[in-house]
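One structure is given here, and the rest of the page talks about it.
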């Protein structure tokens, strides 16, 4: 973001699509909280009175579970622990760097809060710069912040997904503004920490920015190498140990029906179908991964390659949080960069074309609010409902062209017809 | 009159306020009841008022302060929240979790 950019002289209220969006996120959140509240008053019990601030286990459990183990990082004892550490090397290094103080959970909580504040303030400023009145920008920002279920889950669990969120957000915004080198570095960092953000490297190829794509791969490899070296002087040994840890994730978590209500991956839909019949999911993981890889490659070269860069950002953001065999709900934070870009587009879109954006915003609202009401036969189905909404959002991203007029924003290809342009209004498709 | 005229800033602000109130109510209830204070990882060994639900003592029904009850799946070392989709049946993946983790 250009810090010297000034706020627009003329200010205006929320455009129609954003008013619908604010209405959708607030009413869905009220319905969700109201549902839990009434269920609690009626004594319906769990999961009907499920509060979205509670999951069984201690506050900050994801972080606190790892603190003891990660304190041995860099020592031989680190490799002889009983519990698995199912994270890539760069994630373990990031976690180690978060635990340098005597009470590591406090600075980490501060980091989580600061990240939320940074996103909110940054988003507010961007909306103001695009010409929204202070009250409208404030209403939009506050509504997104208070209804953010992925962020609340992140705070509750203390998960290291925050690093991926920061790297992906800065990376996508840099790409959107045309700062490709920073975008490449950030996407490389995110890939090193969590692997699945590698799909964002696909943003550079249709624009023939091969150097930036290579820079992303190089950054991911370099950071992983540094992390392995920090883990042990024998990098090869550390690499093999980490491979076993990551395989354990596939064995125990990807194939596990546990926490199915928090899992919005496409595979969670398959799991839900299989689990009800007590089928062993384990043998289905590898075929699913291979089939998904083939589908993604075909989709990328046949469709994603040809759509506008903004559509590519949205499509790849969705794929980054759905194609893994297990994807818990805090990973949805990676969608907020795409949402911010969509909000910018909404502000710039003429009134006549606003209605075309409403389906995007409605699906975002369904995905990002708590969904306490999604319960069937005593089991939460929030993850499965989100997976279906994300699939619908992916289809929209692939079929409905979006464009931005933001100064310094990414080039729009000649084939990409904008929502709001005459071509789009006349129903032409790229 | 346009169909979207009800979406005024004033109306949306009232919704935001209602949202804040419900969130605050939820947070206050949570702080009063402290369901997250108990470490359910040790539900089988610590006395949280959990009751075994099977002969093998691998399923425990535990009270969650302020919210009702929840079934946990326990090995000698750890407990996990039981996935409700499978009811009280322990599936192959859950057997693997109990055995190895």
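For segment A:375-383, state whether one or more residues are more than 27 Å from residue A:36 (Cα to Cα), modelled with pLDDT of 85 or more and crowded, with 20+ Cβ neighbours inside 10 Å.
From segment A:375-383, those more than 27 Å from residue A:36 (Cα to Cα) are none; that's our starting set.
Checked segment A:375-383: no residue is more than 27 Å from residue A:36 (Cα to Cα), modelled with pLDDT of 85 or more and crowded, with 20+ Cβ neighbours inside 10 Å.
Taken as a whole, segment B:51-61 holds no residue that is touching a residue at least 12 places away in the same chain (Cβ under 8 Å), surrounded by fewer than 20 Cβ atoms within 10 Å (Cβ to Cβ) and facing chain A (nearest Cβ under 9 Å). Report yes if some residue within segment B:63-73 is at pLDDT 80 or above, surrounded by fewer than 18 Cβ atoms within 10 Å (Cβ to Cβ), in contact with a helix residue (DSSP H, G or I) (Cβ under 8 Å, 6 or more places away or on another chain) and more than 7 Å from chain A (Cβ to nearest Cβ); otherwise report no. Yes, that holds for at least one residue. The condition of being out of contact with any helix residue (DSSP H, G or I) (no Cβ under 7 Å at 6 or more places or on another chain) and either at pLDDT below 80 or closer than 16 Å to residue A:374 by Cβ (or both) does not hold for residue A:52. Put simply, of A:132, A:172, A:140, A:152 the only residue that is more than 16 Å from residue A:337 (Cα to Cα), crowded, with 24+ Cβ neighbours inside 10 Å and in contact (Cβ under 8 Å) with a residue 60 or more places away in the chain is A:132. Residue A:305 falls short on exactly one of the conditions (1) touching a residue at least 12 places away in the same chain (Cβ under 8 Å); (2) surrounded by 15 or more Cβ atoms within 10 Å (Cβ to Cβ), and that condition is (2). Tell me whether segment A:84-103 contains one or more residues that are buried (at least 18 other Cβ atoms within 10 Å of the Cβ) and over 17 Å from residue A:162 (Cα atoms). Yes - at least one qualifying residue is present in segment A:84-103.
So, of the residues in segment B:78-88 that are touching a residue at least 12 places away in the same chain (Cβ under 8 Å) and surrounded by fewer than 19 Cβ atoms within 10 Å (Cβ to Cβ), which turns out to be nearest to the other protein chains (Cβ to nearest Cβ)? First the steps, then the outcome.
Pass one, segment B:78-88, residues touching a residue at least 12 places away in the same chain (Cβ under 8 Å): B:78-82, B:84, B:88.
Narrowing further to those that are surrounded by fewer than 19 Cβ atoms within 10 Å (Cβ to Cβ): B:78, B:88.
On the way: B:78: 9, B:88: 11 Å.
Across segment B:78-88, the extreme among qualifying residues is B:78.
One residue stands out among those in segment B:26-48 that are surrounded by fewer than 13 Cβ atoms within 10 Å (Cβ to Cβ) and modelled with pLDDT of 75 or more: the one that is nearest to the other protein chains (Cβ to nearest Cβ), which is B:27. Anything in segment A:123-161 that is away from chain B (no Cβ under 12 Å) and either out of contact with any helix residue (DSSP H, G or I) (no Cβ under 8 Å at 6 or more places or on another chain) or assigned to a helix (DSSP H, G or I) (or both)? List them, or say none. A:123, A:124, A:125, A:126, A:127, A:128, A:129, A:150, A:151, A:153, A:154, A:161, listed by residue number. Residues that are within 14 Å of chain B (Cβ to nearest Cβ), under 19 Å from residue A:152 (Cβ atoms), outside any strand (DSSP E or B) and more than 20 Å from the chain's Cα centre (by Cα): does segment A:350-361 have at least one? No: zero hits.
Quick one: would you say residue B:91 is within 20 Å of residue A:59 (Cα to Cα), facing another protein chain (nearest Cβ under 7 Å) and without any contact (Cβ under 8 Å) to a residue 24 or more places away in the chain? Before the answer, list the steps.
Numbers: within 20 Å of residue A:59 (Cα to Cα): no; facing another protein chain (nearest Cβ under 7 Å): yes; without any contact (Cβ under 8 Å) to a residue 24 or more places away in the chain: yes.
No: the conditions fail for residue B:91.
A residue that is assigned to a helix (DSSP H, G or I), in contact (Cβ under 8 Å) with a residue 12 or more places away in the chain and closer than 16 Å to residue A:326 by Cβ can be found somewhere in segment A:235-246.
Residue B:99 - would you say it is more than 9 Å from chain A (Cβ to nearest Cβ) and out of contact with any strand residue (DSSP E or B) (no Cβ under 8 Å at 6 or more places or on another chain)? It would help to see each step written out before you state the result.
Working: more than 9 Å from chain A (Cβ to nearest Cβ): yes; out of contact with any strand residue (DSSP E or B) (no Cβ under 8 Å at 6 or more places or on another chain): yes.
Yes, satisfied.
In segment A:200-235, of all residues being modelled with pLDDT under 95, out of contact with any helix residue (DSSP H, G or I) (no Cβ under 6 Å at 6 or more places or on another chain) and over 30 Å from residue A:300 (Cα atoms), the one that is surrounded by the fewest Cβ atoms within 10 Å (Cβ to Cβ) corresponds to A:233.
How about segment B:4-24: which of its residues are farther than 22 Å from residue A:15 by Cβ and facing chain A (nearest Cβ under 7 Å)? Please lay out each step first, then the result.
Quick first cut of segment B:4-24, residues farther than 22 Å from residue A:15 by Cβ only: B:17-18, B:20-24.
Hits for segment B:4-24 are B:18, B:20, B:22, B:23.
The values are calculated or read from the model by the stated rules, or taken from the named source; none is laboratory data. Just so it is clear, the model here is predicted, and its values are computed rather than measured. Cβ sites come from the backbone with ideal geometry, for glycine too, and all protein chains shown count toward neighbours.
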